[in-house]
Amino acid sequence: MSLVFCESYYEVDPTLEEVKQEICNLVGLPEIKTQLETIVEKITDASEYESGGFTVIPPKPFHMVFVGNNGTGKSIVAQILGKLFYLAGALTSYTVTEMQGNQKMKNAEGGVLLVNIDEEDPINSKTLEEIIAAMDEGSTSVIFAGNHKALNQYMKFNNELYKRFSARFQFDDLTCEDLAMIMHRKANKVEDNLLCGLELDALCSAENIAQIIAQVTPENLRSMLNAHLLDQMLIEAKKLTDELGENAISLRDLGIGIEKGAQIYKNLLNM
């Protein structure tokens, strides 16, 4: 079950320092951070060689598999990789074009094509042929993303596709502490129109939020949706705070919002 599909565009070219900060800001994903930092080191080394008068041949874009449940950061990491490949000279664009596997083929235009795989919505043969052609053409980096079951089920019947992937990133489920940290950051993002005007009171520490999440949300729901749970939880908490005429969300209101948000998803998923 994939929830969000989008195309990411940027107005200003990224710098390596900005991308390094994005990597540092990732919540959880220690092994993936290490993989990304290795790519940063290679870009830095290449830049130093060029400064020393050596000719550096840009690498070719490679194709990857992202294995993980919903809400574990696959789209965010794809955006970071797009910028790194662009800075390395492997791609001519750092746009990430995201598509559902059963949709018509989208043109990533020299950037990253992120293909979300769902076992219930397989890619038709024509779209698969177009994706393989884009991989072989060499100007686009293709990422297949989905949970282990969906990808394993798909790849074992598509060896021609599987052998074209050069790297595999494993996205583990987020811990309650990870979710609490992300929730804390979301509440402080003033540019998020959906959740604007939020303010957490002093008792809403990441530690206290993590305890509530662990107590009132089932583990299987957290594993299924991870960070996708959080917006609805904050919205429910804000509703209660607005009804009470309070300026800041209290720990009690947040706890109720977390529980209500979880229940909404449990109902939607018939859990």
Of all residues in the range 208-240, how many are charged (D, E, K, R) and under 12 Å from I182 (Cα atoms)?
1
Test: residue in the range 195-205 that is touching a residue at least 12 places away in the same chain (Cβ under 8 Å), under 25 Å from the mean Cα position of the chain (by Cα) and either within 21 Å of S75 (Cβ to Cβ) or in a helix (DSSP H, G or I) (or both)
yes
Tell me which residues, restricted to the range 224-271, are in a helix (DSSP H, G or I), small (G, A, S) and out of contact with any Leu (no Cβ under 9 Å at 6 or more places or on another chain).
G255
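Taking only the range 106-131 into account, find how many residues are within 19 Å of G82 (Cα to Cα) and in contact with a strand residue (DSSP E or B) (Cβ under 9 Å, 6 or more places away or on another chain).
Residues of the range 106-131 within 19 Å of G82 (Cα to Cα): 106-116, 131.
Those still in the list that are in contact with a strand residue (DSSP E or B) (Cβ under 9 Å, 6 or more places away or on another chain) too: 106-109, 111-116, 131.
Within the range 106-131, residues that are within 19 Å of G82 (Cα to Cα) and in contact with a strand residue (DSSP E or B) (Cβ under 9 Å, 6 or more places away or on another chain) number 11.
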Name the residue that is farthest from L114 (Cα to Cα), counting only residues in the range 136-161 that are at pLDDT 90 or above and touching a helix residue (DSSP H, G or I) at 6+ places or on another chain (Cβ under 7 Å).
T140
Check off (1) crowded, with 18+ Cβ neighbours inside 10 Å; (2) part of a helix (DSSP H, G or I); (3) of a type outside the set (S, T, Y) for L174 and give me the number that stays unchecked.
(2)
Determine which member of the set A214, A248 is among the hydrophobic types (A, V, I, L, M, F, W, C), at pLDDT 95 or above and either surrounded by fewer than 21 Cβ atoms within 10 Å (Cβ to Cβ) or not assigned by TED's automatic domain parsing to the domain that holds E31 (or both).
A214
Kindly indicate the residue of the range 132-153 that is of a type in the set (A, V, I, L, M) and surrounded by 14 or more Cβ atoms within 10 Å (Cβ to Cβ) and also farthest from L84 (Cα to Cα) among those meeting that condition.
A150
Just to be sure, is L225 under 30 Å from L128 (Cα atoms) and not assigned by TED's automatic domain parsing to the domain that holds V112?
yes
Cross-chain or 6+ apart pairs with Cβ under 6 Å, the range 1-29 first and at negative phi, then loosely packed, with under 10 Cβ neighbours inside 10 Å and at pLDDT below 95:
none
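So that you can scan it fast, the table gives a plain yes or no per residue for (1) among the basic types (K, R); (2) under 27 Å from S93 (Cα atoms):
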position: S125; (1), (2): no, no
position: E129; (1), (2): no, yes
position: I143; (1), (2): no, yes
position: K149; (1), (2): yes, no
position: L161; (1), (2): no, yes
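The values are calculated or read from the model by the stated rules, or taken from the named source; none is laboratory data. The structure displayed is predicted, hence computed values, not measured ones. Counting neighbours? That spans all protein chains shown, and the Cβs are built from the backbone with ideal geometry, glycine included.
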